[in-house]
């Protein structure tokens, strides 16, 4: 953004985009929503890619394949992705909105996971599996943001860890 998310006004954003503030608010409720609209488009792409995966694939394999299918190979877009992730980590209002949107995204994804697992979307298994996958994404984003590294490679390790049972041990 011009002066960071906090220091940039809707008036500045609208002027830079060449639209009125009224037009801005027709599309976005807040400036945070304007920033996050890109992530919501990516979430839609992820759902579409996941639905296209063969039924013969495990949940973990299908999920990772869908993530791979939505990753950009364009360096300019990848740079924008990194900048956006940095903004998400550094801007409390943006992070809060992003985390809330993550719940909505996971809720929309749960019926797809349920279909793959052969259960109802309200079942604990579907909700827990979806939450685990989205938690893996969140944790990976946090680690890459803190320490750098390859997001996809780290996510593959995280999902493999979950697929092996996350080393939770036996319930006694």
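The values are calculated or read from the model by the stated rules, or taken from the named source; none is laboratory data. This is a predicted model, so every value here is computed, not measured. Because the Cβ atoms are built from the backbone with ideal geometry, glycine has one as well, and the counts that use them run over all protein chains shown.
Could you tell me which residue of segment 163-172 is nearest to residue 88 (Cα to Cα), considering only residues that are in a loop (DSSP other than H, G, I, E, B) and touching a helix residue (DSSP H, G or I) at 6+ places or on another chain (Cβ under 9 Å)?
166
Yes/no matrix, rows are residues, columns are (1) buried (at least 18 other Cβ atoms within 10 Å of the Cβ); (2) in contact with a helix residue (DSSP H, G or I) (Cβ under 7 Å, 6 or more places away or on another chain):
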position: 62; (1), (2): yes, yes
position: 112; (1), (2): yes, yes
position: 121; (1), (2): no, yes
position: 150; (1), (2): no, no
position: 161; (1), (2): no, no
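Just to be sure, is residue 97 touching a helix residue (DSSP H, G or I) at 6+ places or on another chain (Cβ under 6 Å) and closer than 26 Å to residue 34 by Cβ? Outline the logic, then answer.
On the way: touching a helix residue (DSSP H, G or I) at 6+ places or on another chain (Cβ under 6 Å): yes; closer than 26 Å to residue 34 by Cβ: yes.
For residue 97, the condition - touching a helix residue (DSSP H, G or I) at 6+ places or on another chain (Cβ under 6 Å) and closer than 26 Å to residue 34 by Cβ - is met.
When you go through 81, 33 one by one, which is the residue that is under 21 Å from residue 148 (Cα atoms) and surrounded by 13 or more Cβ atoms within 10 Å (Cβ to Cβ)?
Details: 33 fails: under 21 Å from residue 148 (Cα atoms).
Only one candidate qualifies: 81.
Out of curiosity, is residue 127 over 30 Å from residue 86 (Cβ atoms) and surrounded by 15 or more Cβ atoms within 10 Å (Cβ to Cβ)?
Numbers: over 30 Å from residue 86 (Cβ atoms): yes; surrounded by 15 or more Cβ atoms within 10 Å (Cβ to Cβ): yes.
Spelling it out, residue 127 is indeed over 30 Å from residue 86 (Cβ atoms) and surrounded by 15 or more Cβ atoms within 10 Å (Cβ to Cβ).
Only one of these is in contact with a helix residue (DSSP H, G or I) (Cβ under 8 Å, 6 or more places away or on another chain) and within 20 Å of residue 102 (Cβ to Cβ): 82, 53, 71. Name it. It would help to see each step written out before you state the result.
Details: 82 fails: in contact with a helix residue (DSSP H, G or I) (Cβ under 8 Å, 6 or more places away or on another chain); 53 fails: within 20 Å of residue 102 (Cβ to Cβ).
After applying the criteria, what remains is 71.
Grab the helices (runs of 4 or more DSSP H) fully contained in segment 1-113, keeping just those with 2 or more residues being on the phi < 0 side of the Ramachandran plot, more than 12 Å from the chain's Cα centre (by Cα) and at pLDDT below 90.
Output list reads 4-7, 10-17, 31-51, 75-90.
Is it fair to say residue 121 is assigned to a helix (DSSP H, G or I) and either at pLDDT 85 or above or within 18 Å of residue 45 (Cα to Cα) (or both)?
no
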